[in-house]
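First up is the structure itself, then whatever we jot down about it.
Read-outs: derived from the displayed coordinates by stated rules, not from any lab. Being a predicted model, the structure only gives us computed values, none of them experimental. All Cβ positions, even for glycine, are placed from backbone atoms using ideal geometry, and neighbour counts span all protein chains on display.
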Amino acid sequence: MHLTDEQLNEYVDNETNEREQIELHLHLCDECSKRFSDLQNLFLELDSLPDLQLTRDLSTRFISSGGLIQQPPRWLTLTVFAQAALALIALIISIPVITTYIPQIDTNSLMTPLFEIQSLWNTWLDSLSTLQLPTIPEFPIPIIEMSSLLLALAGIFVLWILGNGLLLRNQIRR
Amino acid sequence: MNAPTDRDLILRAKRGDSEAYGEIVTRHQTSVFNVCYRILHNRSDAEDLAQETFMRAYNRLNTFDIEREFAPWIRRVAANLCLNFLESQKTSTQLDDERDEDKSQSPSGQVEVKERSEKIRQALASLPSNYRLVVELRHYQEMSYDEIANELKIPLSDVKSHLFRARKLLAEKLHAPD
Ligand SMILES: [Zn+2]
């Protein structure tokens, strides 16, 4: 009985548990040892296959700017919302300050639409102020307005530096 | 100064250094492309899938165990992608007609070697795709029967029968007169 294809293949692949029997047979049988060496030659031929060269460099996609954009950390993306919220607060606070300066500008054509917007804002602010919690004590109005406006602006500035600065860091480094 | 090891580069890439990853790609792209080419036998598909392999690997870098060798891992990712690609192409029989010949230039002294390797490639290309995959994983990625069965999600008996038949077919092709 000659070796089966399965026995021979498992033997060359080092996946057999009848090693000794197979080796003994190979030693005695010319036909099977010829099949064995044919198989080994096939392995050598497969191993001899040279690598083909690429026609393009696959690394450029990773190295060139605008290639891979790293996912920013989650807290960094949250600063965008914080910036928007603070900007809105600053805008609301600044409205009364701006309105005190607007009457000083003497351009009637500009004033009419501005007054309309201003009255819209004022009515909105009025409705907003009625929503205010009654527990808030009355502070001297200009002081709280100016200081909180500056605080909000400083907050936006810091968040802008953090958010946009860090987001752009990778591109600046290149 | 010594060149950084793969391990160093991957650690840097894990921290988001895409340039370090670019260096990794430079080192392994030929081997990954050849995995794809041996399975697909179509240069443009092989290049696209090699690129895709590195993109996928970059996104999955946090799952890569830094204590392991990168080369076998990335070749396995490539083989897997090619397998999925072949499965998605299964319905069309176009693939077999689109296999291209190796048209790259070689010095005249190497013509014989080149003819021989072209014959090997042709023989590989003539195999059914599932045989070709098993040959790739066994001969070029040196995986065990069990590992191949796991990778391709096929029974061990299929791994053996595909591999043994593939070898028989290859031997016939390679020893047939031109
Ligand atoms: Zn025998």
- For segment B:128-138, what does the Karplus curve 6.51 cos²θ - 1.76 cosθ + 1.60, with θ = phi - 60°, yield as ³J(HN,Hα) per residue in whole Hz, taken in order and with x for Gly and Pro? x, 4, 6, 5, 4, 4, 5, 4, 4, 5, 7
- Task: With springs only between Cα atoms under 10 Å apart, run a GNM on chain B and tell me which of B:151, B:67, B:136 wobbles the most.
- Result: B:67
- Message: Among B:10, B:154, B:51, which residue has its Cα furthest toward the positive end of the charge dipole of chain B, with +1 on Lys/Arg Cβ and -1 on Asp/Glu Cβ?
- Response: B:154
- Message: Which one, A:14, A:32, A:3, projects farthest toward the positive side of the charge dipole computed for segment A:1-44 from Cβ point charges (K/R +1, D/E -1)?
- Response: A:32
- Message: Explain nothing, just compute: Karplus ³J(HN,Hα) = 6.51 cos²θ - 1.76 cosθ + 1.60, θ = phi - 60°, for every residue of segment B:165-177 in order, whole Hz, x for Gly and Pro.
- Response: 5, 4, 5, 5, 4, 4, 4, 4, 4, 6, 9, 6, x
- Provide the per-residue ³J(HN,Hα) series for segment A:114-123, in order, calculated from phi with Karplus coefficients 6.51, -1.76, 1.60 and θ = phi - 60°, each as a whole number of Hz, with x at glycine and proline positions. 5, 5, 4, 4, 5, 5, 4, 4, 5, 5
- Task: Within 10 Å of each Cβ in peptide B:30-37, how many partner chain Cβ atoms are there on average? Round it to a whole number, please.
- Result: 3
- Here the FRET efficiency for residue A:154 versus residue A:122, based on Cβ atoms and R0 = 22 Å and rounded to 0.05, is 0.25
- Once you've got the Cα coordinates, tell me which of B:119/B:168; B:119/B:173; B:14/B:153; B:153/B:173; B:119/B:160 are over 19 Å apart. B:14/B:153; B:153/B:173; B:119/B:160
- Item | Virtual spin-label span in nm between residue A:130 and residue A:75, 7 Å along Cα→Cβ | 4.2
